[in-house]
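For reference, the structure is listed below as structure tokens.
The values are calculated or read from the model by the stated rules, or taken from the named source; none is laboratory data. Since we're looking at a predicted model, the values are computed, not measured. When we count neighbours, we look across all protein chains shown, and the Cβ atoms used for this are built from the backbone with ideal geometry, even at glycine. The accessibility values were calculated without ligands, DNA or RNA, using every heavy atom of the protein model including side chains. Shrake-Rupley method; radii C 1.70, N 1.55, O 1.52, S 1.80 Å.
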Amino acid sequence: MLYDVFKVIHVVGVVVLVGNVTVTAFWKVFADRNGDPRVVAFGQRLVTITDWVFTVGGIVLIFVGGYGAAFAAGMNPFGSAWLNWGQGLFVASGLIWLGILIPAQIRLARVARTFEKGGEVPEDYWRIGRRWLFWGIVATFPLVGAIAVMILKP
Ligand code: HEM
């Protein structure tokens, strides 16, 4: 019973995290294409808010549920290839998030505050935004890989 409860928490965390990183890229592209600086700035503010709520929230649920399930079943979390791959892919995605995406988001949020009431969107914003989108998509692949190894348990 405890194992299944932790597993539900874990998989809900996966849905929240992977769902958020996927749809955020999608709606942010459309907000940017809107062309109205106020809409672009609003979209940027939402990237920050949804990252705190759903990315951090999803990571906490994945952690608590994953290690909780492993300990409830008496599994060594580093004792099998699928668990090690899952954790490795999770860390790989997390390093891109911490090392590239968050610094980019901090710079984008700072620039967005200069046009949140209207005005020119500087080229710098679009340049950093393209880089953020590229690395955001790259950071999603290890998470999809982790879903595969957790289900297929190779
Ligand atoms: C961070 C370290 C992680 C630990 C310790 C961990 C641990 C576990 C454990 C013990 C299970 C239950 C296995 C089963 O009953 O079949 C599980 C299932 C699962 N995990 Fe993880 N996991 C981790 C990371 C991840 C990540 C990053 C993802 C995807 C982004 C993920 C996706 C899944 C999925 C989809 C299942 C359900 C598999 C199934 O029911 O067949 N896990 N995980």
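Within 16 Å of the chain's Cα centre (by Cα), open to solvent by less than 70 Å² (accessible area, probe 1.4 Å), farther than 20 Å from Val11 by Cβ and at pLDDT 95 or above: which single residue out of Trp52, Trp132 fits that description?
Details: Trp52 fails: open to solvent by less than 70 Å² (accessible area, probe 1.4 Å).
None of the others qualify; the one that does is Trp132.
Among Phe90, Phe54, which is the only one that is of a type in the set (Phe, Trp, Tyr), within 9 Å of the ligand (Cβ to nearest atom), in contact (Cβ under 8 Å) with a residue 12 or more places away in the chain and assigned to a helix (DSSP H, G or I)? Full working, then the answer.
Working: Phe54 fails: within 9 Å of the ligand (Cβ to nearest atom).
Answer to the selection: Phe90.
Can you pull out the residues in the range 67-88 that are open to solvent by 20 Å² or more (accessible area, probe 1.4 Å) and not hydrophobic (A, V, I, L, M, F, W, C)?
Within the range 67-88, Tyr67, Gly74, Asn76, Gly79, Ser80, Asn84, Gln87, Gly88 meet the criteria.
Might you check whether a residue that is in contact (Cβ under 8 Å) with a residue 40 or more places away in the chain, over 17 Å from the mean Cα position of the chain (by Cα) and not in a helix (DSSP H, G or I) occurs anywhere in the range 64-74?
yes
Please pick out the residue among Val23, Val18, Val8 that is within 16 Å of the ligand (Cβ to nearest atom), over 15 Å from Gln105 (Cα atoms) and buried (at least 17 other Cβ atoms within 10 Å of the Cβ).
Values: Val23 fails: buried (at least 17 other Cβ atoms within 10 Å of the Cβ); Val8 fails: buried (at least 17 other Cβ atoms within 10 Å of the Cβ).
After ruling out the rest, the residue left standing is Val18.
List, please: which pairs have Cβ atoms under 9 Å, are six or more places apart or on different chains, and start with a residue in the range 127-154 that is charged (D, E, K, R) and end with one that is surrounded by 12 or more Cβ atoms within 10 Å (Cβ to Cβ) and not in a helix (DSSP H, G or I)?
Lys153/Ser80
Given the criteria part of a helix (DSSP H, G or I), within 16 Å of the ligand (Cβ to nearest atom), under 18 Å from the mean Cα position of the chain (by Cα) and not acidic (Asp, Glu), does Leu83 qualify? Can you show your working first?
Numbers: part of a helix (DSSP H, G or I): yes; within 16 Å of the ligand (Cβ to nearest atom): yes; under 18 Å from the mean Cα position of the chain (by Cα): no; not acidic (Asp, Glu): yes.
No; evaluated as a whole, the condition is false for this residue.
Taking the range 33-55, which residues are farther than 20 Å from Glu120 by Cβ and out of contact with any helix residue (DSSP H, G or I) (no Cβ under 9 Å at 6 or more places or on another chain)?
First, pick out the residues of the range 33-55 that are farther than 20 Å from Glu120 by Cβ: 46-55.
Result: Ile49, Trp52.
Which numbered condition in (1) modelled with pLDDT under 95; (2) buried (at least 16 other Cβ atoms within 10 Å of the Cβ); (3) of a type in the set (Gly, Ala, Ser) is the only one that Gly43 fails?
Result: Gly43 passes all but (1).
What do you reckon, is Val60 under 15 Å from the mean Cα position of the chain (by Cα), surrounded by fewer than 16 Cβ atoms within 10 Å (Cβ to Cβ) and within 13 Å of the ligand (Cβ to nearest atom)?
When the stated conditions are applied, Val60 passes them.
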